[in-house]
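These notes concern the structure reproduced below.
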Amino acid sequence: MVHHWGQMAGRRQESQCVNMPDKTVASPVTMKVPLLDLKSQYAALRGEILPALEAVLESQQLIGGPAVARLEAAVAAYCGCAYGVGVSSGTDALLCALMGLDIGPGAEVITTPYTFFATAGSIMRAGARPVFVDIDLATFNIDPDRISAAVTSRTRAIMPVHLFGQMAEMDPIMAVADRHGLAVIEDAAQSIGARYKGRPSGSIGTVGALSFFPTKNLGGAGDGGMMVTANASLAHRLAILRNHGMEPKYHYQWIGGNFRLDTLQAAYLLVKLQHLDEWSARRRANGDLYRQRLAGCDEIICPHISPANQTIFNQFVIRSPQRDGLKAHLAAHGIGTEIYYPLSLHEQPCFKSLGYRRGDFPNSELAAAQALALPIYPELSAQQIHYVADTILAFFS
Ligand SMILES: Cc1ncc(COP(=O)(O)O)c(C=O)c1O
């Protein structure tokens with residue numbers, strides 16, 4: 001992934017960087033701060049994780065079983081939903097949700113162009129058409145005031161993305177959806193545990209799609225995802241669709257797919273879920289410290305969290321007109337960063353058939369040119385955050 005594996009590849013580059021003679025800066029690297037450090041989290045939980053995985057292996061129930069059912073119930077409860085249906089990835093959660101709502105050829109789905117590929121990719125794979133609406137630059141999320149104008153007689157759903165861990169402005173989005181009888185599929189891949197006016201991410205729309213990709217706040221040992229909903233009949237249909245559409249055995253009501261969540265993943269995630277609140281709180285505390293340290297720096301804009309929101313800071317994304325220079329400077333000082341996302345989806349070659357052009361979504365294009373994610377993971381020390389902040393301030397001084 002550029003967006004995920006880039007972090008890991010980025011870490012390799014950083015370590016090379018640390019060992020290479022530095023031609024760009026006079027001062028040496030004094031500390032290494034990767035964008036993400038999954039090893040320290042695993043080291044702290046090894047004693048809980050290994051027995052949980054061993055229990056699954058000993059049982060040899062490797063598909064479905066009690067661990068998957070327990071995780072579905074626990075994550076659904078965590079998200080304030082009655083039902084959770086585990087799937088193989090966040091991408092499949094989005095696709096299966098669209099299939100469950102019968103959204104396919106001829107349908108339009110309103111979404112944001114400033115998101116990870118899978119948001120619009122899943123709409124296209126379902127056979128429907130993504131209709132992009134520009135973002136609010138302050139939050140990076142879809143601008144609710146522009147949604148109404150994008151509704152047509154073909155619109156079937158809105159797919160807001162709660163980007164970087166902050167939920168989209170759900171009240172106006174739900175108002176448009178209610179007015180036009182549209183479904184709302186929350187792309188909550190980056191926002192498990194976030195809240196909007198006290199309501200958990202994934203619980204406000206018709207269905208929410210979660211990702212357990214390893215870089216997410218609740219990261220699995222590989223790919224995984226879940227759909228959460230309050231709607232019993234939709235949950236029933238989604239559970240059948242994620243298993244080929246099969247019900248009862250070897251009888252197929254619908255054409256689904258193999259979107260199942262592995263039992264080993266469920267056991268791993270059940271351990272990690274116990275720690276999720278604490279990790280997200282630490283990410284918020286890290287965000288507060290960055291904000292304090294960077295407050296006086298006019299050259300960068302820290303992420304704006306709207307008063308209605310409690311973010312989980314899956315990413316802490318600043319904006320700077322000098323983003324590329326700043327990124328290089330930080331890399332030269334051993335600090336990992338990432339660009340989420342360097343090219344807005346309406347400009348991606350694979351979506352050319354949609355007919356969008358550069359200039360269509362200026363806020364999204366500006367974000368793509370200026371956004372930079374800083375390390376925010378829970379195990380970061382205050383010393384590391386001060387080092388990142390000092391290095392940023394030194395770049396602009
Ligand atoms: C906004 C968004 N949507 C969807 C996905 C897809 O999730 P997954 O990688 O689990 O397929 C991601 C994952 O990065 C994401 O960030």
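Observations on the model:
- Qualifying residue in the stretch 141-152 (condition: within 14 Å of the ligand (Cβ to nearest atom) and modelled with pLDDT of 95 or more): yes
- Residue in the stretch 56-68 that is of a type outside the set (Ser, Thr, Tyr), over 26 Å from His180 (Cβ atoms), surrounded by fewer than 24 Cβ atoms within 10 Å (Cβ to Cβ) and within 16 Å of the ligand (Cβ to nearest atom) present: no
- Within the stretch 287-340, the set of residues being within 16 Å of the ligand (Cβ to nearest atom) and of a type in the set (Val, Ile, Thr) comprises Thr311, Ile312, Val317, Ile339.
- Looking only at the stretch 75-95, and only at residues there that are in a loop (DSSP other than H, G, I, E, B) and within 15 Å of the ligand (Cβ to nearest atom), the one that is farthest from Pro200 (Cα to Cα): Ser88
- One residue stands out in the stretch 153-195 among those that are more than 21 Å from Met124 (Cβ to Cβ) and of a type in the set (S, T, N, Q): the one that is farthest from the ligand (Cβ to nearest atom), namely Gln166.
- Matching residues, the stretch 96-117, being surrounded by fewer than 24 Cβ atoms within 10 Å (Cβ to Cβ) and within 13 Å of the ligand (Cβ to nearest atom): Phe116, Phe117
- Test result for Arg237, touching a strand residue (DSSP E or B) at 6+ places or on another chain (Cβ under 6 Å) and charged (D, E, K, R): no
- Taking (1) surrounded by fewer than 24 Cβ atoms within 10 Å (Cβ to Cβ); (2) more than 30 Å from Arg283 (Cα to Cα); (3) of a type outside the set (Lys, Arg); (4) in contact with a helix residue (DSSP H, G or I) (Cβ under 7 Å, 6 or more places away or on another chain) in turn, His180 satisfies each apart from (4).
- Residue in the stretch 198-214 that is assigned by TED's automatic domain parsing to the domain that holds Ala168, surrounded by fewer than 18 Cβ atoms within 10 Å (Cβ to Cβ), without any contact (Cβ under 8 Å) to a residue 60 or more places away in the chain and outside any loop (DSSP other than H, G, I, E, B) present: no
- The set of residues from the stretch 218-231 being polar (S, T, N, Q) and either within 8 Å of the ligand (Cβ to nearest atom) or surrounded by fewer than 24 Cβ atoms within 10 Å (Cβ to Cβ) (or both) comprises just one member, Asn231.
- For Gly165: the one exception among (1) touching an Asp or Glu at 6+ places or on another chain (Cβ under 9 Å); (2) farther than 20 Å from Ala97 by Cα: (1)
- Boolean, Glu72 is without any contact (Cβ under 8 Å) to a residue 60 or more places away in the chain and surrounded by fewer than 23 Cβ atoms within 10 Å (Cβ to Cβ): no
- The sole residue among Ile204, Ile158 that is in contact with a helix residue (DSSP H, G or I) (Cβ under 8 Å, 6 or more places away or on another chain) and closer than 16 Å to Glu108 by Cα is Ile158.
The values are calculated or read from the model by the stated rules, or taken from the named source; none is laboratory data. If you're wondering where the values come from, they're calculated on a predicted model, not measured in any experiment. Positions of Cβ are backbone-derived with ideal geometry, glycine not excepted, and every protein chain shown enters the neighbour counts.
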